[in-house]
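Input: a single structure, listed below in structure tokens.
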Amino acid sequence: MHTELTTIRSVLTRASGFLETVCSHSLQPYRGCPFGASLCGVGCYVQHSLHVTQGRRWGSFLEVRTNAAEAYQAGYERERRWARAHRAGFVIFLSSATEPFPPQEQRHGITRSILESMLDRPPDGLIVQTHSHRVADFRDVLVPLAQRCALRVHVSIESDRDRLPGLPPAASTVAKRFAAAATLRQAGLRVVVTVAPLLPIDDPDSFFARIAGVADAVVIDHYIGGDGSVGGARTRNTALPGAMAAIDATSVALEYRDRMGAIAQKYLPGRVGYCRDGFAGRWNPT
Ligand code: SF4
């Protein structure tokens, strides 16, 4: 992993495409992602962005945006004004193109500095999106921040399996992510488990019952319709569909999402969302 310290001019990116109805801005404390070489990195759509990778292998580099908190403060008034005028409020997605709580965060503290800045200058809404159990270590700042803005923590748990055949393991085990979700919810935070992208689930009833015990809602997102390309074409070019099909051939069709969604509704009635509606907090009626 090549790590370098960088500075940026602006850290608040106006949302477009998939995120346009989810938030007004995305915010990336880092560029690149250390989890890129783990299970979630296999199908990660960010690896297809030349703007981000500049030809580098996904998971091989990390740019630490050392002035991210200052850049947030500098852009705050302007971007909040724009969001309130042109979108449904100043709602930030942290993060859509990196993991905000990678192991390197312990040393660099970039995400923490941003969250602390938000205590002084809160957005209207904040969606914290993570694949890491380390998010639970940030409840000391997330809990007071939830008093200042509408805050949801999205913990990605794509399956009850830690491994798919032939692919690297998850960076953070399923058990650790469940434990983190439980800790955050016990701290009074609003927690959503994002099953995104949906991977083959060994025991769907147990899985969604377990989610109902640690989260307020669940989002299910299949790579078909969820990876930003027509029919999941981007993901089809990765090793992910083959590994999914080796476990359950039906899991690579969109119908699998609907079947899992019907089971999820049993345990979280009225609190199941799909694709971008789910990420935006819009739940399907039972
Ligand atoms: S943590 Fe997120 S950004 Fe990083 S590799 Fe996994 S899916 Fe991609």
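Nothing in this text is a laboratory measurement; each read-out follows from the coordinates by a stated rule. No experiment lies behind these values; they were computed from the predicted model shown. Please note: Cβ atoms are built from the backbone with ideal geometry, for glycine as well, and neighbour counts cover all protein chains shown.
Identify all residues within segment 43-65 that are within 22 Å of Tyr274 (Cβ to Cβ) and either touching a Lys or Arg at 6+ places or on another chain (Cβ under 9 Å) or crowded, with 22+ Cβ neighbours inside 10 Å (or both); write none if there are none.
Gly43, Cys44, Tyr45
I'd like to verify a number: residues in segment 118-132 that are away from the ligand (no atom under 16 Å from the Cβ), small (Gly, Ala, Ser) and not in a strand (DSSP E or B), how many?
Counting residues in segment 118-132 that are away from the ligand (no atom under 16 Å from the Cβ), small (Gly, Ala, Ser) and not in a strand (DSSP E or B) gives 0.
Going by what's in this entry, would Ala136 be described as part of a helix (DSSP H, G or I) and within 30 Å of Asp205 (Cβ to Cβ)?
For Ala136, the condition - part of a helix (DSSP H, G or I) and within 30 Å of Asp205 (Cβ to Cβ) - is met.
Identify all residues within segment 91-142 that are under 20 Å from Ala187 (Cα atoms) and of a type in the set (S, T, N, Q); write none if there are none.
Thr111, Gln129, Thr130, Ser132
Is at least one residue of segment 214-224 more than 20 Å from Phe279 (Cβ to Cβ) and surrounded by fewer than 21 Cβ atoms within 10 Å (Cβ to Cβ)?
no
So how many residues does segment 83-107 have that are within 9 Å of the ligand (Cβ to nearest atom) and β-branched (Val, Ile, Thr)?
1
Outside any strand (DSSP E or B), in contact with a Cys (Cβ under 8 Å, 6 or more places away or on another chain) and more than 19 Å from Glu20 (Cα to Cα): does that describe Glu158?
So Glu158 passes the test.
Checking Ile114 against (1) more than 19 Å from the chain's Cα centre (by Cα); (2) more than 16 Å from the ligand (Cβ to nearest atom), which single condition isn't satisfied?
Looking at each condition in turn, Ile114 falls short on (1).
Quick check on this structure: which one of Phe178, Phe208 is under 21 Å from Ala262 (Cβ atoms) and aromatic (Phe, Trp, Tyr)?
So the residue among Phe178, Phe208 that is under 21 Å from Ala262 (Cβ atoms) and aromatic (Phe, Trp, Tyr) is Phe208.
Residue by residue, here is whether (1) of a type outside the set (Gly, Ala, Ser); (2) in contact with a strand residue (DSSP E or B) (Cβ under 7 Å, 6 or more places away or on another chain); (3) buried (at least 21 other Cβ atoms within 10 Å of the Cβ) holds:
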residue	(1), (2), (3)
Gln104	yes, yes, no
His133	yes, no, yes
Val141	yes, no, no
Ala150	no, yes, no
Arg161	yes, no, no
Pro165	yes, no, no
Ala170	no, no, yes
Ala180	no, yes, yes
Arg190	yes, yes, no
